[in-house]
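To start, the structure itself, in structure tokens.
The values are calculated or read from the model by the stated rules, or taken from the named source; none is laboratory data. The model shown is predicted, which means the values in this text are computed figures rather than measured ones. Counting neighbours? That spans all protein chains shown, and the Cβs are built from the backbone with ideal geometry, glycine included. Just the protein is used for accessible areas: all its heavy atoms, side chains included, with ligands, DNA and RNA removed. Shrake-Rupley method; radii C 1.70, N 1.55, O 1.52, S 1.80 Å.
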Amino acid sequence: MEKSFNTGFDNSFDMSGNAVGHGWNVGTLFTINDNNRLALTYRSAVDMSFEGDFEAEGVFNPGEGLGQGSVTGVVDITLPAIAELSGYHKLNDTFAIHYSAMWTQWSSLEKLTATSTDCVSGDVGLVDPFENGVCFQKDLHYSDSMRYAVGATAYVSESVTLRMGYAYDEQAGEAVVVMPDSIRHQISAGMSYAVSNTTSFDLGAAYIFGDEISFTEYSELGGEQEFTSTGTAIIVSAQMNMVF
């Protein structure tokens, strides 16, 4: 997994790195009958340690305080645990509804800290006190959040199945430049086409958009600055299924 971090201020920090994490999943499916079923799944938290180039142009030189430079840094991040309860109910031969409620343990994400043996003490207002080995630290204020989704499936024919849905994702934490969190909405649609009893194709698309949010950031280097953030994303996927 690759990730970039930036504080958003001029003459500030930027770090890009790679990491590999490991976790586990568990789930259970309760089939009430052929037309109704419930599922409960859980995904563990994943600890990841990103290592890459930490740059602070106009801010510091390793071992020299203010200046500019690049060092090899590490950022440790915990990807939150997730639990989801979902249901499916087929109302008749051509129509079904489905829904889910997903809990995410965002409270496990407490801060972003970049460390390096090349970052030394200095009064540059980055960490109070600026500890040896700490290049950058940003406290995050996150709480556990919920994501709610509803959808419908139309069985048009033996070959064609259509799906659509909507999801509402709560804002989990206070918006900051490194992570400008907000309420998000997702509209999805897709279809399945069965070529035969053993082969089918799936095609899906999702449009995700976040509410516009304004917030203030303060830095001893850049002072108080106002930010406005919004974001959109389009996801398209396709797959082929074969049963042996």
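Quick notes on this structure:
- Test: residue in the stretch 123-133 that is modelled with pLDDT of 95 or more, open to solvent by less than 30 Å² (accessible area, probe 1.4 Å) and assigned to a loop (DSSP other than H, G, I, E, B): no
- Residues satisfying the criterion are present in the stretch 208-227 (criterion: under 19 Å from Ser100 (Cβ atoms), free of Cβ contacts under 8 Å to residues at least 60 places away in the same chain and of a type in the set (A, V, I, L, M)).
- Test: residue in the stretch 200-220 that is surrounded by 13 or more Cβ atoms within 10 Å (Cβ to Cβ), among the charged types (D, E, K, R) and in contact with a His (Cβ under 8 Å, 6 or more places away or on another chain): no
- Among the residues examined, Ala101 qualifies as of a type in the set (Gly, Ala, Ser), under 25 Å from Thr28 (Cα atoms) and surrounded by fewer than 18 Cβ atoms within 10 Å (Cβ to Cβ).
- Filter result for Glu84 (of a type in the set (D, E, K, R), surrounded by 13 or more Cβ atoms within 10 Å (Cβ to Cβ) and modelled with pLDDT under 95): no
- Matching residues, the stretch 11-43, being free of Cβ contacts under 8 Å to residues at least 12 places away in the same chain and among the aromatic types (Phe, Trp, Tyr): Phe30
- The condition (being in a strand (DSSP E or B), at pLDDT below 90, open to solvent by 50 Å² or more (accessible area, probe 1.4 Å) and over 21 Å from Gln171 (Cα atoms)) is satisfied by just one residue among Asp10, Asp76: Asp76.
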